[in-house]
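Got a structure for you, questions after.
Read-outs throughout are calculated quantities, based only on the coordinates presented, and are distinct from any laboratory measurement. Predicted model only: the values in this text are computed from it and were never measured. Cβ atoms come from the backbone with ideal geometry, glycine included; neighbour counts cover every protein chain shown.
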Amino acid sequence: MEREIKFRVWNTVIGGWAGTTPSTLFELILEDQSKLSLKALKEDFTFMQYTGLQDINGTEIYEGDIVKTSRNDGTPAQHKQIGTVIYTAPSFCINQHFYNEELQMDFNAFNSIEVIGNIYENKDHYD
C-alpha cells in the first residue's frame with residue numbers, strides 16, 4: 001500500500017500554520033527557500049505528517065489532530081472517547097486517557113474516527 005507523504009506545519013513563532021495547504025517536505029522548502037534555514041526548521045516549526053487516512057467526513061488525519069473515536073467491543077454500550085493522533089514507531093496511533101491511564105490504540109481498533117481539532121488551535125478539546 002502506497003500513501004502520499006505530506007506534512008502540515010505549525011509555525012511556533014507566529015502561532016499559526018505555515019503555508020496554506022499541506023505539502024510534501026520538498027514543496028514546503030521550495031515555497032519559502034529564501035527565508036528557511038535548517039536551524040529555523042528545527043526551532044520555529046513543528047511538522048505533522050499525514051497518516052494516509054481520512055476520517056468519517058473525508059478530512060485528512062494528521063499527527064497532532066484531536067479525534068473523537070467510537071468502537072463497539074461487544075459490550076452493550078458503544079465506547080466514545082477523545083484522543084490525539086501520535087506517531088509511535090513504526091505506526092500512527094491514537095493516544096487516549098481512560099480512567100487515569102494513557103492508552104495508545106491502533107486506528108483499526110475503532111469503528112469511526114472524526115477529526116474535531118488539533119493540539120495547537122483546539123487545546124480545550126483535550127485538556
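Residue by residue through the range 47-63, what is 3J(HN,Hα) from phi via Karplus (6.51 cos²θ - 1.76 cosθ + 1.60, θ = phi - 60°)? Round to whole Hz and write x for glycine and proline.
With the stated coefficients, the range 47-63 comes to 8, 10, 8, 5, 6, x, 10, 10, 7, 5, 9, x, 7, 5, 9, 10, 3 Hz.
Related question: Starting from the amide H of Lys6, placed 1.01 Å from N in the peptide plane, find each other amide H under 5 Å away whose residue is 5 or more places distant or on another chain.
Tyr50
Search the structure for amide H atoms under 5 Å from the amide H of Thr12, placed 1.01 Å from N in the peptide plane, and list their residues when 5 or more places away or on another chain.
When sequence neighbours closer than 5 places are left aside, the close amide H contacts are Phe45, Thr46.
Pop the C-beta distance of Asn108 and Lys42 into the FRET formula with R0 = 30 Å and round what comes out to the nearest 0.05.
0.35
Near the amide H of Ile116, under 5 Å away, which other amide H atoms are found, from residues 5 or more places off or on another chain, if H is placed in the peptide plane?
HN-HN under 5 Å from Ile116: Ile66, Val67, Lys68.
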